[in-house]
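S.K.: Below: one structure in structure tokens.
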């Protein structure tokens, strides 16, 4: 069964525009420039640590191990830059999603997150005993 917004492309466009406008209003209300998007924390870049893939240590010799580490070192900056970019985009996405919520909804989400965190901590304490 098709949803109404799949059948009516004009309504889809209006929905997207209104959603974008709402995000812009929320960002302005929060004192941020909508053109720049929400402020996001800069993810920390990790240090390169050579590590063999699973089970390789059982089959490679020292020369192969060194070659694998060289290959990993060549690809590390590219992979790390993409990881940082993905983390930044995820944070930006999450902030924009949260900007759509009303203040009471944000409060409810914060309470649900706190309850889930407390439950995880309680579970950890029980596992340590």
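Readers should treat all values here as calculations from the given coordinates under stated rules, not as data from a laboratory. What you see is a predicted model, and the numbers here were worked out from it, not measured in a lab. For neighbour counting, all protein chains shown are included, and Cβ atoms are generated from backbone atoms with ideal geometry for every residue, glycine included.
S.K.: If a/c stays under 1.5 just call it rounded; otherwise compare a/b with b/c (prolate if a/b is bigger, oblate if not). Do that for region 41-119, with a ≥ b ≥ c from the square roots of the Cα gyration tensor eigenvalues.
M.R.: Note, shape of region 41-119 comes out prolate.
S.K.: Starting from the Cα gyration tensor of region 88-129, take the square roots of the eigenvalues, sort them a ≥ b ≥ c, and report rounded, prolate or oblate (rounded when a/c is under 1.5, otherwise prolate if a/b is larger than b/c, else oblate).
M.R.: oblate
S.K.: What is the distance, in nm, between label points placed 7 Å from the Cα along the Cα-to-Cβ direction at residue 110 and at residue 83?
M.R.: Using points 7 Å along Cα→Cβ, the separation is 3.2 nm.
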